[in-house]
Amino acid sequence: MRLFIAHGLSAPVKTQLVHAINRLKKMADKGSFVRAENLHLTVQFIGETPADRVPEIADILDRAAAGTNPYALELTAPGRFLKGRESIVWYGLAGGTGSLSALHRRLSGGLNEAGFIRDTRPLKPHITLARRVRLNIPWEQAAEKMAVKSAPFTVSDITLFESRRINGVLTYIPIHTRSF
């Protein structure tokens, strides 16, 4: 099972991000664009994991979430990670990123102690919009055209997801959710 832990997003936030994705599509010669139902904020990537270890991960998630209060985040601006001539395009976040980082540290620590292979990169809060993007205009123009009006939104739960292809379509299946 390919697993990750993430915050789901509300319908209004997804709507704003879909507007940005639709604008991005018009400015790209190529790209793999995230479907609305797959938009999320990854807190910890886990990767391939045997199914019999899922209860252990759920317990680690519960313990990490127990020390968390709801917090507000807000979409800031588009950004990208360059990979050669292509980019991963994302939307940045501001607001309760300190709470988000603390939750990430608790999850990482628990997963590390339990012997799970974890992503060792520091958390850079963002929501991925597209991968393998090749733009047909300069990035600065694209970023400006992708701007959305955002209001703070509250994060009050966290979910363990399985990433699976179903009939060729990448699907994120919630396995375990903990509210806080």
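The values are calculated or read from the model by the stated rules, or taken from the named source; none is laboratory data. Since this is a predicted model, take the numbers as computed values, not measurements. Don't worry about glycine lacking a Cβ; one is built from the backbone with ideal geometry, like all the others, and counts go over all protein chains shown.
Quick look at the numbers
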item	result
Lone unmet requirement of (1) surrounded by fewer than 17 Cβ atoms within 10 Å (Cβ to Cβ); (2) at negative phi for Leu129	(1)
Members of region 46-64 that are buried (at least 19 other Cβ atoms within 10 Å of the Cβ) and either without any contact (Cβ under 8 Å) to a residue 60 or more places away in the chain or part of a helix (DSSP H, G or I) (or both)	Ile57, Ile60, Leu61, Ala64
Qualifying residues in region 10-45 (those that are within 15 Å of the chain's Cα centre (by Cα), outside any helix (DSSP H, G or I) and hydrophobic (A, V, I, L, M, F, W, C)) - the one modelled with the lowest pLDDT	Phe45
Pair list, Cβ < 6 Å and 6+ apart or interchain, from region 137-160 residues that are farther than 24 Å from Ala6 by Cβ to residues that are part of a helix (DSSP H, G or I) and basic (Lys, Arg)	Lys145/Arg23
Positions within region 65-86 being aromatic (Phe, Trp, Tyr) and in contact (Cβ under 8 Å) with a residue 60 or more places away in the chain, in sequence order	Tyr71
Residues within region 46-59 that are under 19 Å from the mean Cα position of the chain (by Cα) and either small (Gly, Ala, Ser) or closer than 22 Å to Asp157 by Cα (or both), tallied	4
Thr97 within 20 Å of Phe153 (Cα to Cα) and without any contact (Cβ under 8 Å) to a residue 40 or more places away in the chain	yes
